[in-house]
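J.: Supplied in structure tokens, the structure appears directly below.
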Amino acid sequence: MSNLLWKSLVVSPAVLGATLLVSTAAMAAPNPTTKVSSAKQLGVTEVAQQPEVLAQTTIDQVNRYSNEGNQNNSQSQVTSVSQFSDVQPTDWAFQALQSLVERYGCIAGYPNSTYRGNRALTRYEFAAGLNACLDRVNELIATATADLVTKQDLATLQRLQEEFSAELATLRGRVDSLEARTAELEANQFSTTTKLVGEAVFAVSDAFGGNTGDANNTVFQDRVRLDLQTSFTGRDVLHTRLAAGNATAFSLRDDANNNLNALGDAEGRQTFQIGAGDGNNSIKIDRLTYEVPIGPAQVYLAASGGRHSHYAPVNNPYFFDQTDGGNGALSTFASESPIYRIGGGAGIAINLPLGKGGGILGNSSITGGYLASQANDPGVINLSSGLIDGSYAALGQLNFSVGDRLALAATYVHGYNAAGGALFNSGSTSNPELLAVGTRQANTLLNVGSSNSYGVSAAFRPSDKLSISGFASYHDITGFGAGDDYEAWSYGAGLALVDFGKQGNVLGLFAGVEPYSRNRVGLPGGGNNDLPYHFEGFYKYRVSDNVSITPGVIWLTSPDQNSGNDDAIIGTLRTTFTF
């Protein structure tokens with residue numbers, strides 16, 4: 001196919017002219033990411049994609065190239081350039097397109113009356129346009145229509161062919177090289193439906209301050225995630241994520257040198273310490289979810305490892321990174337509101353847009369979800385397992401957006417814990433790695449109990465370089481034992497300076513109060529009423545498109561809600577590799 005095409009271009013000036021005109025009109029707007037490479041010496045401009053999407057785009061191009069012939073992109077002939085809804089007289093190639101349409105009549109458009117001149121031209125689209133022009137040229141020559149195809153036209157085309165012969169030879173070599181690379185990718189690709197997204201976190205960290213400092217050593221910890229993202233229709237995605245790590249949390253100590261972590265305290269927990277399994281780099285599946293659009297709604301199904309922040313907007317840009325990823329805040333508290341860590345596991349959720357654009361509801365949506373912690377367990381002895389009878393959390397959230405600068409959300413979560421444990425456990429009653437945030441007085445559920453939680457969140461972007469976000473939550477817990485009833489609160493706000501010092505860098509500052517409960521009775525060792533303030537600062541330095549280094553500090557005051565305990569300071573140097 002390619003040999004015939006190039007031979008035709010060399011032999012026939014009319015074919016060459018049609019080719020140049022079709023290619024020019026197809027690129028009706030300049031690409032803002034265009035850069036000149038070493039090929040500039042030959043007069044060729046190389047179009048470069050943004051680095052962060054290069055790997056994904058390469059696979060997508062291969063898949064699109066393989067399936068182009070089956071796509072329903074039927075085109076229809078047009079007789080006037082005004083029939084294209086997306087072509088304006090101010091477009092730089094308007095006159096060339098107008099000539100092809102109204103003089104030669106060899107341009108086809110899409111069924112929705114668009115031309116799509118600013119997108120990449122596929123081989124099938126090029127062949128269709130070229131064929132239409134060739135048919136028209138042959139028709140004009142056969143009918144000897146001298147006023148349309150003149151000797152001057154042919155002479156011009158001949159001159160163009162001679163003038164651009166070097167460029168055409170270069171382009172032919174590049175096309176042959178791209179076809180060879182495409183064939184190699186198609187022959188050796190991992191899967192036609194699945195791509196691998198990976199993240200590896202290396203972190204050197206230490207804790208300081210009184211008994212806490214004495215009880216901890218400097219550590220070098222890691223966590224690795226491999227996410228197999230499978231799409232069957234191009235719009236859905238199946239996440240099968242493997243995780244392993246050796247990270248464990250620091251031992252926070254009170255003034256009597258008691259280990260607060262062992263008592264249920266999770267203050268200062270860092271994101272890479274979530275999903276680390278048993279701390280021995282053992283591999284486990286920590287997420288198995290499927291997302292698919294059904295009509296206007298987006299449906300989320302979780303078979304294992306489901307989290308509310310997978311499907312509900314958390315409104316915390318630059319601090320939140322894909323549920324405890326390695327490119328946002330250092331701590332789990334600064335990453336997302338604690339309300340999203342109530343419950344988890346298996347279940348279903350739906351996000352439904354409200355309104356059809358314009359007005360106060362134009363950019364709003366409603367989110368609802370249900371996740372059960374023991375959905376896989378059929379046991380009925382203790383009435384604490386299964387999809388319905390076991391622990392669960394049901395979430396409802398209203399999302400509002402005002403333009404692209406302000407986002408608001410109001411959240412309600414009703415939770416039921418069938419076997420005691422912890423409130424902010426992300427759906428686990430046995431794995432301490434998922435006890436992610438808060439003091440023990442806010443976390444500890446002594447017996448079976450239910451909770452009603454209310455939260456608000458907001459994100460405001462006054463400029464492209466500045467983001468302000470915050471959240472607040474209130475939790476009303478009703479237990480089934482004596483002294484189990486209590487209330488908990490939490491709030492925080494963050495400031496992110498984007499591209500600080502270099503494009504891609506982020507300076508983040510966060511302050512708030514981790515989940516706490518005052519005047520808690522019935523809890524052994526409880527009753528402390530000081531506010532556990534959390535201050536955090538980090539600077540994500542982008543070394544390359546796939547590597548970032550983030551130094552940062554977490555400062556905790558009044559651990560365990562007791563100002564008599566020494567402040568704890570956690571220093572971390574985190575390196576994140578993404579691929």
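Values in this text are rule-based calculations from the coordinates and carry no lab data. Source: prediction; values computed, not measured. Every residue, glycine among them, receives a Cβ derived from its backbone with ideal geometry; neighbour counts consider all protein chains shown.
J.: Classify region 194-578 as rounded, prolate or oblate from the Cα gyration tensor: take a ≥ b ≥ c as the square roots of its eigenvalues, call it rounded if a/c is under 1.5, otherwise prolate when a/b beats b/c and oblate if not.
T.: rounded
J.: Next question. In nm, give the distance between the simple-model label positions of Glu102 and Ala493, each being 7 Å from the Cα along the Cα-to-Cβ direction.
T.: With each label placed 7 Å out from Cα toward Cβ, I get 5.9 nm.
J.: If the cut-off is a Cα-Cα distance under 17 Å, which aspartates and glutamates reach Lys502, setting aside same-chain residues fewer than 8 apart in sequence?
T.: Glu52, Asp464, Asp545
J.: If each residue of separation counts as 0.36 nm, what is the full-extension length gain between Asp377 and Thr248 once their alpha-carbon separation is subtracted?
T.: My answer for the length gained is 43.7 nm.
J.: Shifting gears a bit: Which shape class applies to region 263-401: rounded if a/c is under 1.5, otherwise prolate when a/b exceeds b/c and oblate if not, where a ≥ b ≥ c are the square roots of the Cα gyration tensor eigenvalues?
T.: Note, shape of region 263-401 comes out oblate.
J.: Would you list Val299, Val521, Val101, Val553 from fewest to most Cβ contacts within 10 Å?
T.: Taking fewest neighbouring Cβ atoms as first place, the list is Val521, Val553, Val299, Val101.
J.: Anything over 18 Å Cα to Cα? Flag those among Lys195/Lys540; Lys284/Lys540; Lys465/Lys540, in the order listed.
T.: Cα-Cα > 18 Å for Lys195/Lys540; Lys284/Lys540; rest within.
J.: Using a 10 Å cut-off around each Cβ, can you sort Arg518, Arg307 from fewest to most neighbouring Cβ atoms?
T.: Arg518, Arg307
J.: Test of understanding: what is the full-extension gain from Ile348 to Ala166, defined as 0.36 nm times their sequence separation minus their Cα-Cα distance?
T.: Difference between extended and current length: 59.6 nm.
J.: Would region 251-294 count as rounded, prolate or oblate if I go by the C-alpha gyration tensor, calling it rounded below 1.5 in a/c and otherwise prolate when a/b exceeds b/c, oblate otherwise?
T.: prolate
J.: Further, regarding this structure: Using a Förster distance of 41 angstrom, determine the FRET efficiency expected from the C-beta separation of Asp153 and Glu186, and round it to 0.05.
T.: 0.50
J.: For the residue pair Ser463 and Asp476, what label-to-label distance in nm results when each label sits 7 Å from Cα along the Cα-to-beta-carbon direction?
T.: Distance between the two pseudo-spin positions: 4.4 nm.
J.: Using DSSP to define loop residues, name the trypsin sites (Lys or Arg not before Pro) in region 422-512 whose beta-carbon has at most 15 other beta-carbon atoms within 10 Å.
T.: Lys465, Lys502
J.: Further question: Please find the FRET efficiency linking Asp236 to Asn118, where r is the Cβ-Cβ separation and R0 is fixed at 30 Å, and quote it to the nearest 0.05.
T.: E between Asp236 and Asn118, to the nearest 0.05, is 0.65.
J.: Give me the extension gain from Leu398 to Leu531: residue separation times 0.36 nm, minus the current Cα-Cα distance, reported in nm with one decimal.
T.: 44.9 nm
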